[in-house]
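Report on the following structure.
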Amino acid sequence: MTQEAGLYIGGKWTNPRDRKRFETTNPATGQVLATFPMGTAEDVNAAVKAAKGAFEKWRKTPAPRRGELLLEVARILKERKEDIARTVTMEMGKILAEGRGDVQEAIDFFQYAAGEGRRMFGETVPSELPNKACLTIRMPVGPVGLITPWNFPVAIPAWKSGAALIAGCPIVFKPSSLTPLCAAKFVDALDAAGFPPGVVNMVTGSGSVVGDGIVQHPGIRAVSFTGGVDTGRHVYESAARKMIKVGLELGGKNAIIAMDDADLDLLMDGVMFGAFGTAGQRCTATSRLIVHQKMYDAVVDELVARTEKLRVGDPLEDGTDMGPVASPDQERKVLEYIEVGRKEGDTLLAGGAKLKGGVYGKGHFIQPTVFAVDPRKRLAQEEIFGPVLSVLRAKDYEDAVAIANDVKYGLSSSIYTNDLRWAFRAMQDLEAGITYVNAPTIGAEVQLPFGGTKETGPTDTREAGSTALDEFTYWKTVYVDYSGRLQRAQIDTARLAGG
Ligand code: NDP
């Protein structure tokens, strides 16, 4: 049955009848799951107004008390985990185990962020003058805009909102138009936790009206955006014009380097998980495998054998390794890249086609695909965001690192080796926000910073970990002079120094 969902503004679900609606569908079956209102500029205004109205009280709510509400969200999400995980799988197409992982990440981060309410450390530093205290405190920036993609439809909204809320910032959240139902279930958990009205707001609708509207709204004091590079650039420009803080988590072209001493089985387990988990639609997905020439043939043989054995099918069913890609646009884009590979003369090693008929009939299923590619080819350079892995041959360690770094992105990276020298050099040499050793490019833990460099992360912000607070706070430096007289920093020190 199709659900009729609404907007969440000022602590209330509303379902305005005068709005156009859009559908969200199951990419495995084509079934319509729900319809949502296309938000308008007025809806954005109402949401920002509610957030502004809630700011003063929310920022003055003691952070440990804010943390209690976050813990309550974690508890509610745990209770609803199975239902939300199934929604993730039905709305976005990742297999159920991954749907559960998506929700678990949200639970983990809310638990972690709740603890920040009792930390949120500043510094106390010595003064150069007697009887004077110097310290720093974090200040919430005000109402913030959160704009998210569809590939982690619960975890990414949770990472952003958990950090913003504990910092004391009310949120105006715009989810991807492909996964509004997951977003609505997530916001429903926030609603059930009992945040004061206006602290949490969600407006669904198009990127150009609602997304842009949030970024450009004068009441929004920071924006946290995850999505593609082109959209990110636009958001960055708008935020710069408004002179507000912006956090950007954009695309990736992540590589695993396989050195000649790598454990082949361990490597292949990691490569299959990294490349074809979530049908390759993770920002950290392994989309390049750079293999030392001495290992190349053995790796390619094993890779092809394992890729051909992957079971593609109904993502809700036990035993399925890979579900559909998330949408008709995703399907078109991935198939276009497969065509690019063929036209540019890359060697197709496995897969390379859309799956049709039977269980695949109404869905967007694509075979897990492997190409042997040269480093400057498009498949080796551009983010595909689908189940397509490019294998590249490297002469030695230096060559492998040079190939890994020769892309515009810098999110995740990995090296498989048993030689400590390569492992430690790779930590220093790979241009990426994350480096794994003997593990695939995916697998972030919430208590550590997450983000990239180069075009992946031009703002150098980090989600998760204690660094998540930086997106939503500014530092205030406080001087308390308890000497009872006018003391002049620098000047008085100079006089003292001069005798
Ligand atoms: P998009 O950039 O297309 O969309 C992301 C969000 O931006 C959506 O909510 C979208 O709304 C909104 N949006 C679209 N246009 C505008 C606009 N003009 N102003 C403001 N917001 C706008 O990305 P996808 O949703 O397709 O996600 C895939 C991309 O996300 C990939 O490139 C992937 O690498 C990246 N990603 C990066 C991650 C990271 O942490 N580095 C993590 C996950 C994904 P609507 O849906 O309505 O169009």
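The values are calculated or read from the model by the stated rules, or taken from the named source; none is laboratory data. Here the structure is a predicted model, which is why all the values come from computation and not from measurement. In this analysis, Cβ positions are derived from the backbone assuming ideal geometry, glycine residues included, and neighbour counts consider all displayed protein chains.
For the range 232-258, enumerate the residues that are of a type in the set (S, T, N, Q) and crowded, with 18+ Cβ neighbours inside 10 Å. 254 - this is the single residue of the range 232-258 that is of a type in the set (S, T, N, Q) and crowded, with 18+ Cβ neighbours inside 10 Å. Name the residues in the range 287-340 that are closer than 21 Å to residue 401 by Cβ, away from the ligand (no atom under 13 Å from the Cβ) and not hydrophobic (A, V, I, L, M, F, W, C), would you? Those that are closer than 21 Å to residue 401 by Cβ, away from the ligand (no atom under 13 Å from the Cβ) and not hydrophobic (A, V, I, L, M, F, W, C): 288, 292, 293, 294, 296.
Here is a yes/no grid of residues against (1) of a type in the set (A, V, I, L, M, F, W, C); (2) more than 15 Å from residue 288 (Cα to Cα); (3) free of Cβ contacts under 8 Å to residues at least 12 places away in the same chain:
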{"position": "320", "(1), (2), (3)": "no, yes, no"}
{"position": "326", "(1), (2), (3)": "yes, yes, no"}
{"position": "346", "(1), (2), (3)": "no, no, no"}
{"position": "349", "(1), (2), (3)": "yes, no, no"}
{"position": "352", "(1), (2), (3)": "no, yes, no"}
{"position": "357", "(1), (2), (3)": "no, yes, yes"}
{"position": "367", "(1), (2), (3)": "no, yes, no"}
{"position": "373", "(1), (2), (3)": "yes, no, no"}
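Quickly run through the range 318-342 and pick out the residues that are out of contact with any Lys or Arg (no Cβ under 9 Å at 6 or more places or on another chain) and more than 18 Å from residue 385 (Cβ to Cβ). Those that are out of contact with any Lys or Arg (no Cβ under 9 Å at 6 or more places or on another chain) and more than 18 Å from residue 385 (Cβ to Cβ): 318, 342.
Count of the range 10-25 residues, restricted to those that are closer than 22 Å to residue 189 by Cα, crowded, with 17+ Cβ neighbours inside 10 Å and either at pLDDT below 95 or in contact with an Asp or Glu (Cβ under 7 Å, 6 or more places away or on another chain) (or both), is 1.
Taking the range 135-167, which residues are more than 15 Å from the ligand (Cβ to nearest atom), crowded, with 24+ Cβ neighbours inside 10 Å and part of a loop (DSSP other than H, G, I, E, B)? Scanning the range 135-167 gives a single hit, 143.
Restricting attention to the range 7-18, report how many residues are part of a loop (DSSP other than H, G, I, E, B) and touching a residue at least 60 places away in the same chain (Cβ under 8 Å).
Looking only at that region, the number is 2.
Within the range 470-483, identify whether any single residue is within 13 Å of the ligand (Cβ to nearest atom) and either out of contact with any Ser or Thr (no Cβ under 6 Å at 6 or more places or on another chain) or in a helix (DSSP H, G or I) (or both), and answer yes or no. Yes.
Any residue at all in the range 395-416 that's under 22 Å from residue 310 (Cα atoms), part of a strand (DSSP E or B) and of a type in the set (A, V, I, L, M)? No.
Of all the listed residues (106, 74, 97, 46), the sole one being part of a helix (DSSP H, G or I), more than 30 Å from residue 281 (Cα to Cα) and aliphatic (A, V, I, L, M) is 46. Does residue 425 qualify as being without any contact (Cβ under 8 Å) to a residue 60 or more places away in the chain and either within 16 Å of the ligand (Cβ to nearest atom) or out of contact with any helix residue (DSSP H, G or I) (no Cβ under 8 Å at 6 or more places or on another chain) (or both)? Judged against the criteria, residue 425 is not a match. The set of residues from the range 246-286 being in a loop (DSSP other than H, G, I, E, B) and either among the small types (Gly, Ala, Ser) or within 16 Å of the ligand (Cβ to nearest atom) (or both) comprises 250, 251, 252, 253, 262, 281, 282, 283, 284, 285.
Each residue in the range 345-369 was checked for being out of contact with any Phe, Trp or Tyr (no Cβ under 6 Å at 6 or more places or on another chain) and either basic (Lys, Arg) or assigned to a loop (DSSP other than H, G, I, E, B) (or both), and 13 pass. For the range 177-202, taking the residues that are within 11 Å of the ligand (Cβ to nearest atom) and assigned to a loop (DSSP other than H, G, I, E, B), the one that is nearest to residue 154 (Cα to Cα) is identified as 179. Of all the criteria given as (1) away from the ligand (no atom under 11 Å from the Cβ); (2) buried (at least 22 other Cβ atoms within 10 Å of the Cβ); (3) in a helix (DSSP H, G or I), the one not satisfied by residue 213 is (1).
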